[in-house]
Amino acid sequence: MREVTLTFDNGPDEATTPRVLDVLRRRGIRATFFVVGNRLADPARRALMARAHAEGHWIGNHSFTHQGPLGARTDRGHAGAEIAMTEALIRPFAHPDRLFRPVGGGGRIGRHLLSAEAALHLQENRQTVALWSAVPGDWKDAEGWPEVAFAQCMAQARPVLVLHDIAGGAMAHLDALLGRLADAGATFAQEFPDAVVPMRRGVATPGFDAHVMPEGGPPAECRAA
């Protein structure tokens, strides 16, 4: 049976997040919201995070500024601050595993995701890194992304789907996509499969280093990404 793990990045957003939460509540689906810390200075957005938590959704950390992949930065203290500042803001709502999703820069997976400093910080603070396996590009194609999302999910047994609760209108199609997946026999699981979790509670898998930029900094093409 195909199980889809549904996640939302970059919120909360005053217009989009309530619509997403309403759809999920009607369908009885629980997801994970990876929030950007500096958006939580707005009390209305913080209230949306609280609502998501109260309705059974998991809250994770998606950095403080979302300025780019952490592996592309070599300045000391940057990675620790990006992770720790958001972690402090979400602490009352955070999942016990202290979920962290790195910025991918367009959904890419590779060494650019984390710097050595970020990896050490996550290990020392016993955090869990949650990646993804389906990225339909809803932020850049508000109308065409559902077809891509459906195809990506149906091609995997345990897809972890990344969507974005941000402005732009893409989530107007969320309910239709979820219905189409359900009609195709898919179910929805909140848990993250091991395949997308290279570190769990500070313990790295043997493949974790494939997501960490070596000491010395990124190559020129990564710095420009």
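Filtered by the rule that a residue be touching a His at 6+ places or on another chain (Cβ under 6 Å) and either modelled with pLDDT under 95 or under 16 Å from residue 88 (Cβ atoms) (or both), the stretch 38-60 gives a lone residue, 59.
Within this structure, residue 162 fails the test of being at pLDDT 95 or above, in contact with an Asp or Glu (Cβ under 8 Å, 6 or more places away or on another chain) and more than 23 Å from residue 58 (Cα to Cα). Among the residues making up the stretch 73-103, a single one is touching a Gly at 6+ places or on another chain (Cβ under 8 Å), assigned to a loop (DSSP other than H, G, I, E, B) and free of Cβ contacts under 8 Å to residues at least 60 places away in the same chain: 103. Of all residues in the stretch 1-36, which are of a type in the set (D, E, K, R), closer than 18 Å to residue 186 by Cβ, out of contact with any strand residue (DSSP E or B) (no Cβ under 6 Å at 6 or more places or on another chain) and at pLDDT 95 or above? Scanning the stretch 1-36 gives 26, 27, 30.
Restrict the check to the stretch 104-125 and report whether at least one residue is modelled with pLDDT of 95 or more, in a loop (DSSP other than H, G, I, E, B) and more than 14 Å from residue 71 (Cα to Cα). Within the stretch 104-125, one or more residues are modelled with pLDDT of 95 or more, in a loop (DSSP other than H, G, I, E, B) and more than 14 Å from residue 71 (Cα to Cα). Give the stretch 160-176 a look and list any residue that's touching a strand residue (DSSP E or B) at 6+ places or on another chain (Cβ under 9 Å) and either assigned to a helix (DSSP H, G or I) or among the acidic types (Asp, Glu) (or both), or say none. 165, 170, 171, 174 - these are the residues of the stretch 160-176 that are touching a strand residue (DSSP E or B) at 6+ places or on another chain (Cβ under 9 Å) and either assigned to a helix (DSSP H, G or I) or among the acidic types (Asp, Glu) (or both). Number of residues in the stretch 19-40 that are out of contact with any Lys or Arg (no Cβ under 8 Å at 6 or more places or on another chain), in a helix (DSSP H, G or I) and under 25 Å from residue 106 (Cα atoms): the value is 4.
The values are calculated or read from the model by the stated rules, or taken from the named source; none is laboratory data. For clarity, every value in this text was computed on a predicted model and none was experimentally measured. When we count neighbours, we look across all protein chains shown, and the Cβ atoms used for this are built from the backbone with ideal geometry, even at glycine.
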